[in-house]
Amino acid sequence: MKKLIFLLVFLLSMPLTTIAAEEYLYVMSARAKILSSPVFGSKTLDNVIKGQKVTNLEKRDNWFKVKHNGKIGWMSRLAVANHPPLKRKRRIASEESKLLNDSRKRASTVSTTAAVRGLNNIDRSRINNKDVMDFGSLEEIERKTIEQDELYSFMDSIGK
(Lines give C-alpha, C1' and ligand atoms only; values in the text may rest on other atoms or scores of the structure.)
Protein backbone atom coordinates (compact mmCIF):
# COMPACT_ATOMS: atom_id res chain seq x y z
CA MET A 1 0.00 0.00 0.00
CA LYS A 2 2.86 2.41 0.83
CA LYS A 3 4.39 1.73 -2.59
CA LEU A 4 1.10 2.55 -4.30
CA ILE A 5 0.76 5.85 -2.40
CA PHE A 6 4.38 6.76 -3.18
CA LEU A 7 3.85 5.98 -6.87
CA LEU A 8 0.63 8.01 -6.95
CA VAL A 9 2.31 11.03 -5.29
CA PHE A 10 5.28 10.74 -7.66
CA LEU A 11 3.07 10.63 -10.76
CA LEU A 12 0.97 13.58 -9.61
CA SER A 13 4.04 15.71 -8.92
CA MET A 14 5.61 15.14 -12.37
CA PRO A 15 3.46 17.60 -14.36
CA LEU A 16 4.04 20.30 -11.72
CA THR A 17 7.82 20.03 -12.06
CA THR A 18 7.55 20.05 -15.83
CA ILE A 19 5.50 23.26 -15.79
CA ALA A 20 7.79 24.96 -13.29
CA ALA A 21 10.96 24.34 -15.33
CA GLU A 22 10.65 26.90 -18.14
CA GLU A 23 13.39 26.94 -20.73
CA TYR A 24 14.56 30.31 -21.97
CA LEU A 25 16.32 31.28 -25.17
CA TYR A 26 18.27 34.48 -25.75
CA VAL A 27 18.26 36.57 -28.91
CA MET A 28 21.72 36.60 -30.53
CA SER A 29 20.95 38.74 -33.61
CA ALA A 30 20.90 42.54 -33.51
CA ARG A 31 17.18 42.24 -34.15
CA ALA A 32 15.07 39.17 -34.80
CA LYS A 33 11.45 38.58 -35.74
CA ILE A 34 8.87 36.41 -34.04
CA LEU A 35 6.83 34.99 -36.89
CA SER A 36 3.28 33.61 -37.03
CA SER A 37 4.44 30.28 -38.49
CA PRO A 38 7.78 28.49 -38.95
CA VAL A 39 8.37 29.98 -42.42
CA PHE A 40 10.57 33.01 -43.14
CA GLY A 41 7.92 34.77 -45.25
CA SER A 42 5.17 34.56 -42.62
CA LYS A 43 3.63 37.51 -40.77
CA THR A 44 5.79 39.25 -38.14
CA LEU A 45 4.15 39.20 -34.70
CA ASP A 46 6.89 40.98 -32.76
CA ASN A 47 10.51 42.15 -32.98
CA VAL A 48 13.08 41.35 -30.31
CA ILE A 49 16.59 42.72 -29.90
CA LYS A 50 19.89 41.15 -28.94
CA GLY A 51 20.01 39.87 -25.38
CA GLN A 52 16.25 39.69 -24.82
CA LYS A 53 14.92 36.51 -23.26
CA VAL A 54 12.08 34.48 -24.79
CA THR A 55 10.36 31.38 -23.40
CA ASN A 56 10.90 28.22 -25.42
CA LEU A 57 7.65 26.28 -25.83
CA GLU A 58 8.56 23.79 -28.54
CA LYS A 59 11.27 22.92 -31.07
CA ARG A 60 10.42 21.83 -34.59
CA ASP A 61 13.30 21.22 -37.02
CA ASN A 62 15.18 24.56 -37.26
CA TRP A 63 12.47 26.57 -35.51
CA PHE A 64 11.52 27.33 -31.92
CA LYS A 65 7.98 28.12 -30.84
CA VAL A 66 8.44 30.94 -28.33
CA LYS A 67 6.47 33.22 -26.06
CA HIS A 68 7.42 36.88 -25.60
CA ASN A 69 5.31 39.71 -24.16
CA GLY A 70 2.24 37.49 -24.23
CA LYS A 71 2.66 36.71 -27.95
CA ILE A 72 3.35 33.18 -29.17
CA GLY A 73 5.18 32.69 -32.45
CA TRP A 74 8.16 31.10 -34.16
CA MET A 75 11.85 32.05 -34.30
CA SER A 76 14.64 30.56 -36.39
CA ARG A 77 17.28 28.65 -34.45
CA LEU A 78 19.86 30.91 -36.15
CA ALA A 79 18.63 33.93 -34.16
CA VAL A 80 18.63 32.41 -30.65
CA ALA A 81 20.78 30.42 -28.25
CA ASN A 82 20.32 28.87 -24.81
CA HIS A 83 22.77 31.34 -23.24
CA PRO A 84 22.90 35.14 -23.20
CA PRO A 85 25.16 36.87 -25.73
CA LEU A 86 28.68 37.53 -24.53
CA LYS A 87 29.68 41.01 -23.48
CA ARG A 88 32.60 42.19 -25.57
CA LYS A 89 35.63 43.13 -23.56
CA ARG A 90 37.91 45.80 -24.91
CA ARG A 91 41.57 46.01 -24.12
CA ILE A 92 44.24 48.57 -24.88
CA ALA A 93 46.76 47.15 -27.31
CA SER A 94 50.26 48.25 -28.15
CA GLU A 95 50.81 49.99 -31.48
CA GLU A 96 52.55 46.92 -32.93
CA SER A 97 49.71 44.53 -32.10
CA LYS A 98 47.15 47.13 -33.24
CA LEU A 99 48.89 47.38 -36.61
CA LEU A 100 48.93 43.58 -36.92
CA ASN A 101 45.22 43.33 -36.02
CA ASP A 102 44.27 46.15 -38.40
CA SER A 103 46.12 44.52 -41.28
CA ARG A 104 44.34 41.24 -40.57
CA LYS A 105 41.00 43.05 -40.62
CA ARG A 106 41.82 44.63 -43.96
CA ALA A 107 42.82 41.36 -45.55
CA SER A 108 39.73 39.70 -44.17
CA THR A 109 37.50 42.53 -45.41
CA VAL A 110 39.00 42.35 -48.90
CA SER A 111 38.55 38.58 -49.01
CA THR A 112 34.97 38.87 -47.80
CA THR A 113 34.14 41.54 -50.35
CA ALA A 114 35.63 39.43 -53.15
CA ALA A 115 33.61 36.42 -52.01
CA VAL A 116 30.39 38.43 -51.88
CA ARG A 117 31.01 39.65 -55.41
CA GLY A 118 31.35 36.04 -56.54
CA LEU A 119 35.06 36.08 -57.22
CA ASN A 120 36.77 32.73 -56.90
CA ASN A 121 40.34 32.17 -55.64
CA ILE A 122 41.84 32.71 -59.11
CA ASP A 123 39.98 36.01 -59.56
CA ARG A 124 41.06 37.16 -56.08
CA SER A 125 44.71 36.43 -56.73
CA ARG A 126 44.53 38.33 -60.02
CA ILE A 127 43.09 41.36 -58.19
CA ASN A 128 45.77 41.17 -55.47
CA ASN A 129 48.54 40.96 -58.08
CA LYS A 130 47.35 44.19 -59.71
CA ASP A 131 47.53 46.05 -56.35
CA VAL A 132 43.92 47.17 -56.66
CA MET A 133 43.43 47.24 -52.87
CA ASP A 134 42.77 50.74 -51.57
CA PHE A 135 43.77 50.63 -47.90
CA GLY A 136 43.14 54.35 -47.43
CA SER A 137 39.46 53.99 -48.31
CA LEU A 138 39.25 50.84 -46.23
CA GLU A 139 40.64 52.70 -43.20
CA GLU A 140 38.08 55.45 -43.73
CA ILE A 141 35.27 52.88 -43.78
CA GLU A 142 36.62 51.25 -40.60
CA ARG A 143 36.56 54.64 -38.81
CA LYS A 144 32.85 55.12 -39.51
CA THR A 145 30.49 54.23 -36.70
CA ILE A 146 26.86 53.28 -36.98
CA GLU A 147 24.45 53.94 -34.14
CA GLN A 148 22.00 51.19 -33.23
CA ASP A 149 19.02 53.34 -34.32
CA GLU A 150 20.59 53.76 -37.77
CA LEU A 151 21.09 49.99 -37.99
CA TYR A 152 17.44 49.30 -37.12
CA SER A 153 16.26 51.94 -39.58
CA PHE A 154 18.36 50.35 -42.33
CA MET A 155 17.10 46.88 -41.45
CA ASP A 156 13.51 48.13 -41.62
CA SER A 157 14.10 49.75 -45.02
CA ILE A 158 15.44 46.56 -46.62
CA GLY A 159 12.91 44.32 -44.89
CA LYS A 160 9.93 45.87 -46.72
Next item on the list: Scan the strands (runs of 3 or more DSSP E) fully inside the stretch 24-104 and keep the ones with 3 or more residues being more than 30 Å from Ile141 (Cα to Cα) and at pLDDT 90 or above.
Entry: 44-49, 53-60, 63-68, 71-76
Next item on the list: State which residue is modelled with the lowest pLDDT when the search covers only the stretch 132-160 and only residues that are over 22 Å from Arg31 (Cα atoms) and not in a helix (DSSP H, G or I).
Entry: Val132
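The values are calculated or read from the model by the stated rules, or taken from the named source; none is laboratory data. Being a predicted model, the structure only gives us computed values, none of them experimental.
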